[in-house]
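The values are calculated or read from the model by the stated rules, or taken from the named source; none is laboratory data. Bear in mind the structure is a predicted one, so any value in this text is a computation, not a measurement. Cβ atoms come from the backbone with ideal geometry, glycine included; neighbour counts cover every protein chain shown.
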Amino acid sequence: MELERQMPSAAHWSQPQYEALFLSQGPQGRAENLAWVLEHAHTRSAPSGTIISVEVAAFLIAHRVDDEWELQNLAVVANERRQGLGTLLLRQLIAQAKQQKGSRVWSEVRESNRTARALYSKLGFKETGLRKGYYSNPPEDAILYQLSL
């Protein structure tokens, strides 16, 4: 949540919404929630021994119903942007969707989020629609993107 809050263009969810990712499933396994986190481990020596600290570098959240995947959130920490982490995570989602015989991956994104829109286009997503006033804080339209698999 700390990383997501640093990004004005990310979808801002409450802690209960994140927790619900791991609690809700569709009937008979037809739905699936997915959360991947990329972390960096740092080690340093101290008088008491080696200290390892871990920090989140990026995360992706997706939801599958039947053969369709929705990319719900993708965030990369500021000092790691433009290093390929978002591309890595999104390509991994596409690969998993293909492996599970998915038909499409889709998402909506803030109209002003040029970085995400460029990433989607680079990976073959097509603009498929517009949701007027979809976002709040600040109010903004959402552009729909879809990748047919």
Exercise. Look through the range 69-120, keep the residues that are of a type in the set (G, A, S) and surrounded by fewer than 18 Cβ atoms within 10 Å (Cβ to Cβ), and return whichever of them is farthest from the chain's Cα centre (by Cα).
Key: S103
Exercise. Please state which one of L130, L93, L147 is farther than 13 Å from E70 by Cβ, at pLDDT 95 or above and in contact with a Leu (Cβ under 9 Å, 6 or more places away or on another chain).
Key: L130
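Matching residues to (1) modelled with pLDDT of 95 or more; (2) outside any strand (DSSP E or B); (3) over 22 Å from L34 (Cβ atoms); (4) touching a Phe, Trp or Tyr at 6+ places or on another chain (Cβ under 8 Å):
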| site | (1), (2), (3), (4) |
| --- | --- |
| H63 | no, no, no, yes |
| T87 | yes, yes, no, no |
| K98 | yes, yes, no, no |
| Y120 | yes, yes, no, yes |
| G124 | yes, yes, no, no |
| I143 | yes, no, yes, no |
Quiz prompt | Checking R91 against (1) closer than 20 Å to A57 by Cβ; (2) among the basic types (K, R); (3) in contact with a strand residue (DSSP E or B) (Cβ under 7 Å, 6 or more places away or on another chain), the condition it does not meet | solution = (3)
Quiz item: Tell me, which residue of the range 65-85 that is part of a helix (DSSP H, G or I) and touching a residue at least 12 places away in the same chain (Cβ under 8 Å) is farthest from L123 (Cα to Cα)?
Solution: A78
